[in-house]
Amino acid sequence: MPRLKHLLHLLRSLPLCCSLLLASPASHAEPAWPAKPVRLVVPFAAGGSTDLIARKIAEELGERIKGTVIVENRPGAGGTVGSEYVARQAGDGYTILMGSVSTHAVAPSLFARLPYDPVKDFTPLALVATIPNVLVVNNTMPVSNMKDFVGLIKREPGKFAFASNGNGTSNHLAMELFKATAGVSLTHVPYKGSGPAMADLLGGHVNSMMDVVMTSYSYVRNGKLKPIAVTSLTRSPLLPNVPTVAESGYPGFEAIVWFGLFGPANMPADIAGRLSRELAAVLQGKKMTAYLTEQGAQPSPMSAAEFSQFIRKDMAKWHTVAVAAGIKPE
């Protein structure tokens, strides 16, 4: 009789055991990431510096994760179109953004209704690299260093002009910061992109320009433009003989361009952590480091938490510059 009772007890318990097994996490386990191609969205047109660096990252990341990473260009409105697109995607690790100083630090000061919050709508994954600007002048200007450049402008205020890629762009704000720091007056001439701006600088229609070192390097090397100073705190490996603005009498001056990788907000911690680790390994690898250096970029490894603080600080900095320069959000 006791055996019969024991058997009946086991039979009654069987449905509960089965239901527990069916409800166990193992039966509903998600496939290991990545189970499908990862999209790396570039919010700028193909062929530019952001796109080229992103494609190299995609290649290296794909090898590391033994999967496919597809670069998808979604340009428009200074990078905000592609950035908004990523912000609206699921935080599942299959859509990431190649953001920049323009999309995350400068845009909040330029757009009255920015369609995303650079902090709340993204998960910072990795700072890719920083790139200094270089202050270059047309060959007809009778200056070759910062002292002469500032002295000439102060002697003839209002006579000289500088080009930018457009109103409120990062190189416009970099020059506004320099003007305020050096106490000089230069007329701003905005263009629709770096190509027309550089063409007029080479043609002598404007006198000076802040431009990323990778773009200006060939003109400096060929003697078509004169470099005055670079805007990073340390000298650029591409232009080792060109002093920094900080060295040239303005300690602490820095106006750099940066690129970073982001996921949408609310990414699960395990996926965000995995992506950050894989990206860190890629960015610190010999191939990627060599490639970035060749492009005039300076690898800048930091944790995801440090990158988040870096963005907040840069946003505040460029907001202050924009307000001081009278640049109003549109």
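Quick notes on this one:
- Flag not set for Thr320, criterion: of a type in the set (Ser, Thr, Tyr), surrounded by 13 or more Cβ atoms within 10 Å (Cβ to Cβ) and at pLDDT below 95.
- Residue that is more than 30 Å from Tyr85 (Cα to Cα) and at pLDDT 95 or above, where the choices are Leu239, Leu261: Leu239
- Tally of residues being of a type in the set (S, T, N, Q), closer than 20 Å to Leu275 by Cα and surrounded by 21 or more Cβ atoms within 10 Å (Cβ to Cβ) across region 49-104: 3
- Residue count, region 66-108 (criterion: of a type in the set (Gly, Ala, Ser) and in a loop (DSSP other than H, G, I, E, B)): 5
- Yes/no for His205 being assigned to a loop (DSSP other than H, G, I, E, B), modelled with pLDDT of 95 or more and assigned by TED's automatic domain parsing to the domain that holds Lys226: yes
To keep it simple, each residue is scored yes or no on (1) among the aliphatic types (A, V, I, L, M); (2) modelled with pLDDT of 95 or more; (3) at negative phi; (4) touching a Cys at 6+ places or on another chain (Cβ under 7 Å).
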position	(1), (2), (3), (4)
Leu225	yes, yes, yes, no
Ile228	yes, yes, yes, no
Pro243	no, yes, yes, no
Val282	yes, yes, yes, no
Gly296	no, no, no, no
Met302	yes, no, yes, no
Lys313	no, yes, yes, no
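- Residue match in region 188-201 (condition: in a loop (DSSP other than H, G, I, E, B) and not hydroxyl-bearing (Ser, Thr, Tyr)): yes
- All positions within region 111-126 that are buried (at least 23 other Cβ atoms within 10 Å of the Cβ) and among the aliphatic types (A, V, I, L, M): Leu125, Ala126
- Subset tally (residues that are assigned to a strand (DSSP E or B), in contact with a Lys or Arg (Cβ under 9 Å, 6 or more places away or on another chain) and under 30 Å from Arg277 (Cβ atoms)) for region 121-172: 1
The values are calculated or read from the model by the stated rules, or taken from the named source; none is laboratory data. Keep in mind the model is a prediction, meaning the values are calculated, not measured. Using ideal geometry, Cβ is built from the backbone for each residue, glycine included, and neighbour counts are taken over all protein chains shown.
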